[in-house]
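Structure first, commentary second.
No value in this document is a laboratory result; all are computed from the given coordinates. Just so you know, these numbers come straight off a predicted model, no measurement behind them. Reconstructed Cβ throughout: ideal geometry from the backbone, glycine too, with neighbour counts over all protein chains shown.
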Amino acid sequence: MYINPFNRHDDPTEIQSFVQQNNFAILVSQVDGRPWATHIPMMLGQNQEGQSVLSTHVARANPQWRSLEGQEVMVIFAGPNAYISSSWYDHENVPTWNYTAVHAYGQVRILEGDALVESISQLVNHHEQHSERPVSVEGMTPAFFKRELRALVGLEILVTEFQSVRKLSQNRDDHNHSQIVDQLEKRGDAGSVAIAEEMKTRK
């Protein structure tokens, strides 16, 4: 993706943390010569060689998985975003948009058998950890889980590159930067408040 040098972010630890916190992603590839996107949760981990891998699963009825092997795919992780009004500046300018995002690129292999079960179990356990009555793969009746599993195809993406952008008004002076933060906090919606907090943290 295009990233203005002001907004490029390359810290591996923070990129991994961002992916883990915003793990409902978009898997993009080609299907029959056209772009195809699937919205799915991803788990970031490492393989035995210490390389970053993303694991997930799609519906077997989704044709995307049939053409993935051998193809480079892109995975989009989106963070908060907010509209920035140019009325907040002390000079004439144009409106813009602040946002955070990570793109991952890599190669896919199909997960089957125990590897698929383990991938699903990790995903469920991760998102159930704060539930009052957490469910788990192990707690499901074997016949039920086996039936559900037949409808899924597991995927593991060996990540070859991360690209990270944090467009947070880094090109503004201290006065205008503070004005933007104040106005975002006054607006009060979730995206604006989150971007304001990012701006204060990353300044």
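Worth a mention:
- Cα extents of segment 5-173 along the three principal axes, largest first (Å): 66, 44, 31
- Taking 25 °C and 0.890 mPa s as conditions, segment 73-203 diffuses translationally at an estimated 134 µm²/s according to Stokes-Einstein applied to its Kirkwood radius (Cα pairs).
- Residue order, fewest to most beta carbons within 10 Å, for Met199, Met140: Met140, Met199
- Remark: relative contact order (the chain) = 26 percent; criterion is Cα-Cα distance under 8 angstrom and separation of 6 or more residues.
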